[in-house]
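The values are calculated or read from the model by the stated rules, or taken from the named source; none is laboratory data. Worth saying up front: this structure is predicted, and the values here are computed from it rather than measured. Cβ atoms come from the backbone with ideal geometry, glycine included; neighbour counts cover every protein chain shown. Just the protein is used for accessible areas: all its heavy atoms, side chains included, with ligands, DNA and RNA removed. Shrake-Rupley method; radii C 1.70, N 1.55, O 1.52, S 1.80 Å.
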Amino acid sequence: MSETKKPTNGFSEALLRRAAPDRAAWEDLVIVPLFAVVVALLLGAAAMLATDVDLATIGRSYVALVSGSVGSVNAISETLTSAIPLTLAGLGIALGFRAGLFNIGAEGQILIGGMAAVVTGFSFPGLPMIVHVPLVLIVGALAGGLYAAIAGWLRAATGAHEVISTIMLNLISYRLVDYMLRLDFIQREGRSDPISKSVLENAELPRLLTWLDPNLRLHAGVFLMIGAVIFIHWLLFKTRMGFEFRASGENPEAARYAGMRAGLVIVLAMGLAGALAGLAGANQVSGVLGRASPGFSAGIGFDAIAVALLGRSHPWGVLLAGLLFGALEAGGRQMQVDAGVSIDLIGIIQALIIVFIAAPLLVRALFPWGFSKAKTSAKE
Amino acid sequence: MNVELRGITKRFGSFTAVNNVNLQIRAGEVLGLLGENGAGKSTLMNVLCGLYAATEGEILIDGKPVSFAGPGEAIRAGIGMVHQHFMLIPVFTVAENVVLGVEPTGRLDHLDLVKARAQVREINDAYGLEVDPDALIETLPVGVQQRVEIIKVLFRSADLVIFDEPTAVLTPQEVVEFFAIVRSLRDSGKAIVFITHKLGEIREISDHIAVLRRGEIVGHADRPDALSEADLAELMVGRPVSFDVKRNPNPPGEPLLEVADLMVLNNNDDVVVDDISLMVRSGEIVGIAGVQGNGQSALVEALTGLTRVAGGTVTFKGKDITRASARERHHMGFAHIPEDRQRTGLIPAFTIAENMVLDSYYDDRFSKGPTMRWDVVNKAAANAVVDFDVRATSVFDAVSTLSGGNQQKVIVAREMSRDTEFLIASQPTRGLDVGSIEYIHSRIAQARDEGDGVLIVSSELDEILALSDRILVMFKGRIVAEFEGVTADKAAIGLAMAGRYEGATA
């Protein structure tokens with residue numbers, strides 16, 4: 001039937017006005033995460049009390065946590081350095097969430113991406129930095145992306161659930177890295193332990209603050225992090241592909257009915273998520289570690305899941321969450337030094353944050369005065 | 001048991017769902033409660049059966065005020081409800097389902113199923129329900145499952161039985177049998193509340209009628225024939241309603257969609273569409289009647305390119321499209337209103353604007369290179385919202401915040417605000433208010449008048465009859481009968497829907 005039934009432009013501008021986010025949305029986005037962090041810190045103190053740490057030490061450890069994360073230029077540099085891979089991999093996880101995929105495999109994707117980046121990083125002596133650094137990053141992202149795409153393809157082609165297949169791919173990646181680190185062309189000359197050759201100087205992400213203090217580790221990966229946040233935000237909310245991702249994630253049946261190709265969306269989303277994790281791996285070897293050793297991913301891929309959850313799968317939220325987790329990590333190291341409290345406490349605090357994020361009702365129950373009355377939105 | 005509702009008001013926040021309702025429900029009588037979706041019928045009944053606490057007002061049973069802290073107390077007081085969606089466990093037997101939660105037990109908590117079966121038989125005999133206590137629920141037709149729900153309520157010794165839209169899932173024959181059961185319940189002294197939005201049924205079964213609109217009782221009749229269907233409709237909607245869809249006398253044009261020997265299998269390789277052949281001409285509405293679950297969904301998915309066809313061909317304007325994808329068909333001018341707007345038609349968490357372009361977002365109008373042109377999308381959505389009378393404050397509202405009728409209008413707007421040639425509408429007005437039904441029917445008829453071929457699939461026989469130029473009846477995956485729309489005999493279609501039609505088959 002034809003389109004010209006009524007004159008168009010008959011709508012009022014009011015229809016194009018956005019409503020301000022209501023209180024419930026605000027609570028969900030801001031207050032719940034905030035409370036989660038506060039409660040986790042309090043319970044962390046309780047955990048210390050329970051293990052016979054005296055109050056003065058607890059006080060000192062939280063002071064150290066703050067000073068070690070934001071208390072000095074060095075602290076801020078450490079926080080940012082830790083936040084970079086967490087945010088990058090967290091963005092990947094968040095992208096998966098948006099597309100309805102639960103990617104547990106960031107750890108493996110970081111390892112594979114990092115390994116590919118290391119090999120690229122030491123294999124091309126003589127390349128100028130302006131070529132070599134991007135090459136390392138791109139190869140790392142590609143490797144991580146392809147590795148994740150295996151899980152995506154398995155899901156699309158056979159229905160194998162990505163949670164299972166990414167866990168399995170993680171296990172494969174651990175052993176694969178162990179194996180590769182003993183290959184002649186990767187293992188460092190003269191070493192019998194599994195450790196790779198070092199990344200060439202021209203393949204290292206340049207440090208940014210050495211003019212202040214040669215020990216400051218903050219490197220150019222921080223721009224990569226911000227760029228990735230902006231890119232993913234653009235991808236998710238401004239592009240066709242992002243629309244397909246979000247539609248498939250929110251309601252795969254409706255997306256199928258609308259003619260979107262579910263299999264393609266799954267493979268692409270997994271691939272992109274893996275590319276971001278691979279980028280995180282490349283960033284670590286080329287910006288921080290300079291080489292690869294067994295387990296160099298150090299659990300970042302799992303912390304990234306927490307980062308994505310805490311960030312509510314929103315790119316800017318992931319950045320904030322990544323910074324918070326980076327701060328906890330940097331501050332935790334300081335805490336260990338100053339107060340002698342084990343850094344495992346940071347693991348406890350991070351875990352508690354996730355528990356409270358995953359159970360917003362619990363937070364609401366603990367802090368009833370922080371929230372508007374629970375809505376009985378039951379209409380007919 | 002006589003129940004009186006006195007000044008019942010129920011508010012959710014600032015929203016008043018039920019406002020100062022007074023009702024008398026008497027033993028041995030059927031009270032018909034008529035109202036559109038959202039009029040407050042279910043809220044009112046949920047207050048009565050203890051799910052909600054009334055904000056104001058009181059409930060009196062046999063003159064004594066009562067208050068229920070939960071559904072359990074209401075059940076003990078003798079109030080039972082048969083819900084629209086059955087709450088049965090498919091792999092349990094009838095007897096097991098009936099006793100669930102109130103199991104007769106012997107020593108050491110031993111489950112006494114012998115006693116349970118005997119009790120079910122007793123209820124069976126008392127009301128002529130004829131349900132085998134040992135049958136598995138999943139093997140029973142919907143009409144019988146409903147009787148199991150009734151037995152459940154009676155087993156808990158209810159004296160007041162509330163039926164929430166009980167006929168929505170039944171064939172016309174099953175409705176007749178159901179009414180017989182309701183009458184036998186009534187004659188045994190039970191008080192019955194019958195909730196519906198169907199005008200004919202309410203006049204047939206009720207002793208009293210109360211009409212609810214926007215949470216208030218707007219009309220009351222002590223005899224079912226005191227008000228005509230037109231009166232009831234006007235009371236329910238608040239304005240005069242026309243049920244006749246304007247028919248265009250134009251004869252249909254060329255064949256548009258031709259289906260030959262179509263076979264479709266489900267995931268278990270069962271045949272769900274069995275050798276169907278049909279044809280839709282341009283300017284013609286073909287209605288497919290049938291009780292839900294007789295292969296209509298699979299047929300629609302096959303015709304829209306959403307499922308693989310096991311055999312046969314689909315031709316559109318002479319071109320074989322049996323294997324064309326949903327998107328290819330979309331380009332050919334197919335429009336599809338899916339049967340389940342929440343699950344397959346819309347993304348409830350998305351905005352109206354996003355939902356409006358769900359199947360055309362990739363179009364050059366709405367995207368440039370990789371990026372979406374959201375400003376264009378939003379303006380187009382705003383236009384469509386106005387053109388299709390969607391009641392919304394902003395195109396950025398999440399579709400989940402709209403009423404069912406407005407959600408359906410979003411789908412209709414999306415599918416029909418472009419040049420289409422063929423419309424497939426599956427249950428296009430299920431669960432909608434009269435106003436939205438009227439509007440959507442007029443849009444479908446308009447599409448036909450502009451030369452589209454239209455295929456309507458509906459389990460509402462009235463809808464099929466109101467719209468169709470030709471009617472096909474589907475039963476167990478086959479087309480078992482064909483009728484001319486104008487001369488169709490409702491009883492004959494009803495028989496065919498139950499698989500008992502002996503006339504000429506298509």
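Can you tell me which of A:Arg18, A:Arg175, A:Arg217 moves the most in a GNM of chain A? Springs connect C-alpha atoms under 10 Å apart.
Maximum among the listed residues: A:Arg18.
How much length, in nm to one decimal, is gained on full extension between B:Ser14 and B:Arg323, taken as 0.36 nm per residue of separation minus their Cα-Cα distance?
106.0 nm
Work through the residues other than B:Gly50 whose Cβ is under 11 Å from its Cβ and net out their charges, Lys, Arg +1 and Asp, Glu -1.
Charge balance in the 11 Å sphere: 0.
From the cross-link list B:Lys41/B:Lys379; B:Lys41/B:Lys64; B:Lys64/B:Lys115; B:Lys41/B:Lys409; B:Lys319/B:Lys490; B:Lys368/B:Lys409, which pairs have alpha carbons spaced over 26 Å apart? Intermediate results must be reported in sequence, preceding the final value.
Numbers: B:Lys41/B:Lys379 37 Å; B:Lys41/B:Lys64 24 Å; B:Lys64/B:Lys115 34 Å; B:Lys41/B:Lys409 23 Å; B:Lys319/B:Lys490 36 Å; B:Lys368/B:Lys409 28 Å.
Listed pairs above 26 Å: B:Lys41/B:Lys379; B:Lys64/B:Lys115; B:Lys319/B:Lys490; B:Lys368/B:Lys409.
Using 1/(1 + (r/R0)^6) with R0 = 56 angstrom and r between the beta carbons of B:His331 and B:Lys115, what's the FRET efficiency to the nearest 0.05? Numbers along the way, then the final one.
Working: r = 64 Å, r/R0 = 1.14.
E between B:His331 and B:Lys115, to the nearest 0.05, is 0.30.
Can you compute the charge dipole magnitude of chain A about its Cα centre, using +1 on each Lys and Arg Cβ and -1 on each Asp and Glu Cβ, nothing else charged? Give it in debye, rounded to the nearest 20.
1100 debye
Between B:Glu450 and B:Ala126, what's the calculated FRET efficiency when r is the beta-carbon distance and R0 is 60 Å? Round to 0.05.
Working from the Cβ atoms, E equals 0.55.
Which shape class applies to the range B:149-297: rounded if a/c is under 1.5, otherwise prolate when a/b exceeds b/c and oblate if not, where a ≥ b ≥ c are the square roots of the Cα gyration tensor eigenvalues? Write out the running numbers ahead of the final one.
Values: a/c = 3.26, a/b = 1.47, b/c = 2.21.
Verdict is oblate for the range B:149-297.
Can you give the FRET efficiency to the nearest 0.05 for B:Ser188 and B:Arg156, using r as the Cβ-Cβ distance and R₀ = 25 Å?
Values: r = 16 Å, r/R0 = 0.63.
The value I calculate is 0.95.
Please list, by residue number, everything in the range B:56-96 whose backbone N is under 20 Å from a paramagnetic label point 7 Å out along Cα→Cβ of B:Thr139.
Taking a point 7 Å out along Cα→Cβ of B:Thr139, the residues of the range B:56-96 whose backbone N falls under 20 Å are B:88-96.
Do any GluC sites (Glu not before Pro) in the range B:49-133 lie in a loop, going by DSSP, with at most 11 other beta-carbon atoms within 10 Å of their beta carbon, and if so which?
B:Glu130
Describe numerically, in nm with one decimal, the distance between label points set 7 Å from Cα along Cα→Cβ at A:Asp193 and at B:Glu58.
The answer from the label model is 8.3 nm.
If you project the alpha carbons of the protein assembly as shown onto their three principal axes, what span does each projection cover, largest first, in Å?
For the protein assembly as shown, the Cα spread along each principal axis is 97, 71, 58 Å.
For the modelled label position 7 Å from the Cα of B:Lys368 along Cα-to-Cβ, which residues of the range A:227-257 have backbone nitrogen atoms closer than 15 Å?
Label zone hits: A:238-240.
Treat every Asp and Glu Cβ in the protein assembly as shown as -1 and every Lys and Arg Cβ as +1, leave all other atoms uncharged, and give the resulting dipole magnitude about the Cα centre to the nearest 20 debye.
2320 debye
Kirkwood hydrodynamic radius, computed over distinct alpha-carbon pairs, for the range B:283-328: how many Å, to one decimal?
Mean inverse Cα-Cα distance, inverted, gives 11.9 Å.
Nearest 5 percent is fine: what portion of the DSSP beta bridges confined to the protein assembly as shown is antiparallel? Display every interim value, and only then the final one.
Details: 49 of 87 bridges.
Antiparallel bridges: around 55 percent, rounded to the nearest 5.
Report, please, the projected area of the range B:314-469 averaged over directions, based on the convex hull of its C-alpha atoms, in nm².
If you wrap the Cα atoms of the range B:314-469 in a convex hull and average its projections, you get 9.7 nm².
In the range A:163-199, which residues have a backbone nitrogen under 19 Å from the label point lying 7 Å from A:Val131's Cα in the Cα-to-Cβ direction?
A:199
Pull out a ≥ b ≥ c, the square roots of the eigenvalues of the alpha-carbon gyration tensor of the range A:56-209, then state rounded if a/c is under 1.5, prolate if not and a/b is larger than b/c, and oblate in the remaining case.
In terms of gyration-tensor shape, oblate.
In whole Hz, what ³J(HN,Hα) sequence does the range B:379-392 give by Karplus (6.51, -1.76, 1.60; θ = phi - 60°), x for Gly and Pro?
In residue order, the calculated couplings are 5, 4, 5, 4, 4, 5, 4, 6, 4, 9, 6, 7, 8, 8 Hz.
Between A:Val73 and A:Leu42, 0.36 nm times their residue separation minus their Cα-Cα distance comes to what?
Stretched fully, the A:Val73-A:Leu42 segment lengthens by 8.5 nm.
Quick check for me: using +1 on Lys/Arg Cβ and -1 on Asp/Glu Cβ, what's the dipole size of the range B:360-438 about its Cα centre, in debye to the nearest 20?
Values: 9 positive and 11 negative charges, 47 e Å.
With Lys and Arg at +1 and Asp and Glu at -1, about 220 debye.
Mean residue ellipticity at 222 nm from the helices of chain A, using -39,500 (n - 2.57) per DSSP H segment of n ≥ 4 over the full residue count, to the nearest 500 deg cm²/dmol?
Working: 15 runs with 248 residues, N = 380.
For chain A, the value works out to -22000 deg cm²/dmol.
Kindly report, to the nearest 10 Å², the accessible surface of A:Thr158 as traced by a 1.4 Å probe over protein heavy atoms only.
90 Å²
Going through the DSSP H helices of chain A, which span 27 Å or more along their own axis at the Cα atoms while scoring at least 0.5 as a mean Kyte-Doolittle hydropathy?
A:73-98, A:129-158, A:262-284, A:315-339
Among A:Leu142, A:Gly317, A:Thr120, flag the residue with its Cα farthest along the positive direction of the charge dipole of the range A:54-340, charges on Cβ as +1 for Lys/Arg and -1 for Asp/Glu.
A:Leu142
Can you tell me the orientation of helix B:113-127 relative to chain B, as the angle in degrees between its alpha-carbon axis and the longest Cα principal axis, to the nearest 10?
That works out to roughly 80 degrees.
Kindly identify chain B as rounded, prolate or oblate by the Cα gyration tensor criterion: order the square roots of the eigenvalues as a ≥ b ≥ c, call it rounded if a/c is under 1.5, otherwise compare a/b with b/c, prolate if a/b is larger, else oblate.
Note, shape of chain B comes out prolate.
So between B:Ala69 and B:Leu51, what do we pick up on full extension, going 0.36 nm a residue minus the alpha carbon distance? Don't jump to the answer; show the numbers that get you there.
Numbers: separation 18, 0.36 × 18 = 6.48 nm, distance 0.82 nm.
Answer, rounded to one decimal: 5.7 nm.
Could you pull out the trypsin sites (Lys or Arg not before Pro) across the range B:175-264 that fall in loop regions by DSSP (anything but H, G, I, E, B) with no more than 11 other Cβ atoms inside 10 Å?
B:Lys246
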